[in-house]
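To start, the structure itself, in structure tokens.
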Amino acid sequence: DQVRNAPRPPALEVKTGETHYLWGKPYVLDVVESTSRPKTEFDGESLRVTVPVDADTQTRQAVLDRFLRKQLEVVSHELIAIWQGRMDVSPQVITVRKMKTRWGTCNTQTGKVTLNLDLVRRDPIFLEYVVIHELAHLIERGHNPRFYAVMDQYSPRWRTLRTELNRNPSAIVHDLV
């Protein structure tokens with residue numbers, strides 16, 4: 001409900017000068033029109049998106065999203081490798097997709113964990129919390145006292161992290177709702 005009812009920021013156009021977030025930090029976007037291959041580059045200080053001449057907002061967003069997805073996949077796979085060992089669980093499939101109302105899901109029957117692409121815009125501590133949360137479902141399916149005990153065991157600060165992650169998510173996560 002907090003996510004659904006959060007105020008929505010103006011839609012981003014993926015144009016030069018806009019501020020975009022990566023791992024909780026703001027970066028100014030530089031959009032370059034070129035005949036070279038579309039790509040996004042990050043030098044630690046700015047994001048540069050190279051797109052075809054006259055690319056529309058959807059095309060520019062798709063180029064940026066490919067980069068963001070790769071960033072999230074790399075970091076989430078590292079975290080999942082760490083936490084599946086600690087928690088003694090084995091997720092079968094890890095996917096990333098845009099989600100409107102959830103930060104992640106876990107299908108306990110198939111072992112499929114899905115993470116919201118917008119986690120790449122938040123501080124990595126929130127990704128770790130969501131990873132632990134979804135892997136905890138492989139131990140205890142529902143949100144019940146046993147599930148919360150698993151969360152307490154592996155992420156003692158999870159309640160604080162959940163509250164902070166859901167507090168005004170639109171301030172950083174522009175596509176969530």
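Structure notes:
- Two-decimal ratio, the chain, of alpha-carbon radius of gyration to 2.2 N^0.38 Å: 1.10
- Within the assembled protein chains, the solvent-accessible surface assigned to Arg69 is about 70 Å², based on a 1.4 Å probe.
- Distance between modelled label sites at Ala62 and Glu13, nm, 7 Å Cα→Cβ extension: 2.0 nm
- For Arg122, the amide hydrogen comes within under 5 Å of the amide hydrogens of Trp23, Gly24, counting only partners 5 or more places away or on other chains and with H modelled in the peptide plane.
- MRE, 222 nm, helices only [DSSP H, n ≥ 4, -39500 (n - 2.57), over the chain, to nearest 500]: -12000 deg cm²/dmol
- Local electrostatic count, Leu68, Cβ distance below 9 Å [Lys/Arg +1, Asp/Glu -1]: +2
- Taking amide H as placed 1.01 Å from N in the peptide plane, the amide H of Glu18 sits under 5 Å from that of Leu29, each at least 5 places away or on another chain.
The values are calculated or read from the model by the stated rules, or taken from the named source; none is laboratory data. Remember, it's a predicted structure, so these values are computed and weren't measured experimentally. For neighbour counting, all protein chains shown are included, and Cβ atoms are generated from backbone atoms with ideal geometry for every residue, glycine included. Quick note on the areas: whole protein, heavy atoms, side chains included, nothing else; ligands and nucleic acids left out. Shrake-Rupley method; radii C 1.70, N 1.55, O 1.52, S 1.80 Å.
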